[in-house]
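**Q** Input: one structure, supplied below.
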Amino acid sequence: MLSRSSFTSLVVGVFAVYVAHTCWVMYGIVYTRPCPAAADGAAGGCVWPYLARRPKLQLSVYTTTRSSIGAESNIDLVLNVEDFDIESKFERTVNVSVPKKTRNNGTLYAFVFLHHAGILPWHDGKQVHIVSPLTTYMVPKPEEINLLTGESATQQIEAERQTNALDEPVSHWRSRLTLNVMVEDFVFDGSSLPADVHRYMKMVQLGKTVHYLPILFIDQLSNRVKDLMVINRSTTELPLTVSYDKISLGKLRFWIHMQDAVYSLQQFGFSEKDADEVKGIFVDTNLYFLALTFFVAAFHLLFDFLAFKNDISFWKKKRSMIGMSTKAVLWRCFSTVVIFLFLLDEQTSLLVLIPAGVGAVIELWKVKKALKMTIRWQGLRPKFQFGAYNDSEKKTEEYDAQAMKYLSYLLYPLCIGGAGYSLLNVKYKSWYSWLINSFVNGVYAFGFLFMLPQLFVNYKMKSVAHLPWKAFTYKAFNTFIDDIFAFIITMPTSHRLACFRDDVVFLVYLYQRWLYPVDKSRVNEYGESYEEKSKKKSS
């Protein structure tokens, strides 16, 4: 059997190997080995860029209800850039005619052609094109109303949306189309073409050399949920913002891999909203800051694991509640469960929801340990039994009850007042949504006050030796990492502010640890001291 220290070392070792492997994979994505023969001017085995000939190009964007086209019929030209400069970025907004089939919950596709100027795309043998849907299917967001007056957030609710079930996906309009062209005059090695770029390449034979035509790419990561618009049956035209920018080979390969990763998440059951949270990390973040985020996220996973491991180990061995605030444990369990239900109601990203759910299960188990609860089943009916406290534990409970008494004078009026104010002035989807929001606002706004009973017990006992400091340390590192993620991952504002609230609480615990150092010669309730245990081990 592995000891706890060797197991932790093994986990840290595996983590280090994982980080090194990830760095090597990322390097392999960003760096592409050029054709060795190109340095000598030889053409054998190399694939040369057609853009090096500096052809005069034209960009054309068409729309159609079909996913493939063989002729110029049944298509609409929505954008035509005759003197297309691949080095110059632009952004243009055009109005797109929406066919009746698309308005009836159908699909509309955009065909983007890059071809020689003055020649129609289907008459140009060296044209490249790419297809992207301009519509997607999503469940519309439920209408929020004032629970007392019944007034909706919008003055008019369309009849079609009233008849549709809330859980039925409807067609939404993607209002952005982001285009890129790889502009580097890079010479590929024909024997080792990168698989990610190869599927976007179209090659032609010009004389004795093989050339690849311009690599056209549509950035699907820029399609965010916040930009989607519900397509109504009465709408005949919708705006489309077409933007273009050049892209390097390294960034193109990285972006292809990220799009594939997001697609894989959706295949594993992630919803459009969950995938959108991941897109936001890539699109709304600087590339260098994104690399730092990946590195920090890996440490977050490590500290999460070590914190859970040490916390569970501490409570598993816990036989006495001396110095531990039972009220604080109960409150922490209640607040964790409420936060999980709130995040679930807000349809928050699984990146936030899953850790919150695991934390809620652990907190429920802690309550069972703190109350010395045993569950016995009598048929299908559970019977709960609670253990008795000794004199020292009863003394701790007195300090705990005293702290809660003073705290309730401040906390309960604030929570009730906040719930009443939100009922009068804020719109919600349902009474359940209002109840969960009221609870969670009380947790976020005044939750740190419920940490005061434990601080009060520490003050009365002049000791912090009974606290799980290893787990606290790992959680502290994660708290500071959460401060970084609070600006990256989309989450409710109240949840974001709660991340900074935890920093203050931990600093107070650190001050108490400095104020009440552990006396290793003090005898515990079993008549033993730390120094005596050390002598026994050495002998």
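The values are calculated or read from the model by the stated rules, or taken from the named source; none is laboratory data. Nothing here was measured: the structure is a model prediction, and the numbers come from that model. A quick note on method: Cβ atoms are made from the backbone with ideal geometry, for glycine too, and the neighbour counts reach across all protein chains shown. Ligands, DNA and RNA are stripped out before the accessible areas are found, and what is left, the full protein with its side chains, is counted by its heavy atoms. Shrake-Rupley method; radii C 1.70, N 1.55, O 1.52, S 1.80 Å.
**Q** Check the stretch 470-491 and report whether any residue there is open to solvent by 20 Å² or more (accessible area, probe 1.4 Å), over 26 Å from the mean Cα position of the chain (by Cα) and at pLDDT 75 or above.
**A** no
Listed here are the residues, each with its yes/no results for (1) acidic (D, E); (2) modelled with pLDDT of 90 or more; (3) surrounded by 12 or more Cβ atoms within 10 Å (Cβ to Cβ); (4) not in a strand (DSSP E or B).
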position: T22; (1), (2), (3), (4): no, no, yes, yes
position: A37; (1), (2), (3), (4): no, no, yes, yes
position: N74; (1), (2), (3), (4): no, no, no, yes
position: L79; (1), (2), (3), (4): no, yes, yes, no
position: R92; (1), (2), (3), (4): no, yes, yes, no
position: V112; (1), (2), (3), (4): no, yes, yes, no
position: H115; (1), (2), (3), (4): no, yes, yes, no
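**Q** Suppose the filter is crowded, with 16+ Cβ neighbours inside 10 Å and closer than 30 Å to K126 by Cβ; does I215 pass it? Reasoning before the result, please.
**A** Working: crowded, with 16+ Cβ neighbours inside 10 Å: yes; closer than 30 Å to K126 by Cβ: yes.
Answer is yes for this residue.
**Q** Could you say whether any residue in the stretch 383-394 is surrounded by 16 or more Cβ atoms within 10 Å (Cβ to Cβ), basic (K, R) and either within 22 Å of the chain's Cα centre (by Cα) or in a helix (DSSP H, G or I) (or both)?
**A** Within the stretch 383-394, the subset surrounded by 16 or more Cβ atoms within 10 Å (Cβ to Cβ) is 389, 393.
Keeping just the survivors that are basic (K, R) gives none.
For the stretch 383-394, residues surrounded by 16 or more Cβ atoms within 10 Å (Cβ to Cβ), basic (K, R) and either within 22 Å of the chain's Cα centre (by Cα) or in a helix (DSSP H, G or I) (or both): absent.
**Q** Moving on. Taking Q220 as meeting all but one of (1) over 15 Å from I130 (Cβ atoms); (2) open to solvent by 20 Å² or more (accessible area, probe 1.4 Å), write down the number of the exception.
**A** Of (1) over 15 Å from I130 (Cβ atoms); (2) open to solvent by 20 Å² or more (accessible area, probe 1.4 Å), only one is false for Q220: (1).
**Q** Let me ask something else about it. From Y288, Y263, which residue is open to solvent by 40 Å² or more (accessible area, probe 1.4 Å), at pLDDT 75 or above and more than 14 Å from the chain's Cα centre (by Cα)?
**A** Values: Y288 fails: at pLDDT 75 or above.
Exactly one of Y288, Y263 is open to solvent by 40 Å² or more (accessible area, probe 1.4 Å), at pLDDT 75 or above and more than 14 Å from the chain's Cα centre (by Cα), namely Y263.
**Q** Restricting attention to the stretch 308-328, and to residues there that are touching an Asp or Glu at 6+ places or on another chain (Cβ under 8 Å) and not aliphatic (A, V, I, L, M), which single residue is most open to solvent (accessible area, probe 1.4 Å)?
**A** K327
**Q** Evaluate the stretch 231-252: report whether one residue or more is acidic (D, E) and within 17 Å of P214 (Cβ to Cβ).
**A** If we filter the stretch 231-252 for residues that are acidic (D, E), which is where we start, we get 237, 245.
Checking the rest, the ones that are also within 17 Å of P214 (Cβ to Cβ) come to 245.
For the stretch 231-252, residues acidic (D, E) and within 17 Å of P214 (Cβ to Cβ): present.
**Q** Considering only residues that are under 23 Å from W431 (Cα atoms) and aliphatic (A, V, I, L, M), look in the stretch 320-355 and name the one that is modelled with the highest pLDDT.
**A** The extreme case among them is V337.
**Q** Sticking with this structure for a sec: Which ones in the stretch 329-338 are among the aromatic types (F, W, Y) and open to solvent by 40 Å² or more (accessible area, probe 1.4 Å)? Walk me through how you get there before you give the answer.
**A** From the stretch 329-338, those among the aromatic types (F, W, Y) are 331, 334; that's our starting set.
Selection gives F334 alone.
**Q** Here's a follow-up. Within the stretch 122-138, can one find any residue that is open to solvent by less than 80 Å² (accessible area, probe 1.4 Å), aromatic (F, W, Y) and modelled with pLDDT under 90?
**A** The answer is yes, given that some residue of the stretch 122-138 is open to solvent by less than 80 Å² (accessible area, probe 1.4 Å), aromatic (F, W, Y) and modelled with pLDDT under 90.
**Q** Picking from Q162, Q155, which residue would you name as being at pLDDT below 85 and in a loop (DSSP other than H, G, I, E, B)?
**A** Details: Q162 fails: in a loop (DSSP other than H, G, I, E, B).
Step by step, each of Q162, Q155 is checked, and only Q155 is at pLDDT below 85 and in a loop (DSSP other than H, G, I, E, B).
**Q** Identify all residues within the stretch 179-201 that are out of contact with any helix residue (DSSP H, G or I) (no Cβ under 9 Å at 6 or more places or on another chain) and either under 26 Å from N80 (Cβ atoms) or open to solvent by less than 20 Å² (accessible area, probe 1.4 Å) (or both); write none if there are none.
**A** Here is the first cut: in the stretch 179-201, the ones out of contact with any helix residue (DSSP H, G or I) (no Cβ under 9 Å at 6 or more places or on another chain) are 179, 190-193, 195, 198, 201.
Result: L179, M201.
**Q** Of these, L343, L353, L364, which one is open to solvent by 90 Å² or more (accessible area, probe 1.4 Å) and in a helix (DSSP H, G or I)? Step through it out loud before you land on a result.
**A** Numbers: L343 fails: open to solvent by 90 Å² or more (accessible area, probe 1.4 Å); L353 fails: open to solvent by 90 Å² or more (accessible area, probe 1.4 Å).
So the residue among L343, L353, L364 that is open to solvent by 90 Å² or more (accessible area, probe 1.4 Å) and in a helix (DSSP H, G or I) is L364.
**Q** Right, something else. Specify the residue that is nearest to V78 (Cα to Cα); the eligible residues are those in the stretch 223-257 that are modelled with pLDDT under 85 and assigned to a helix (DSSP H, G or I).
**A** D227
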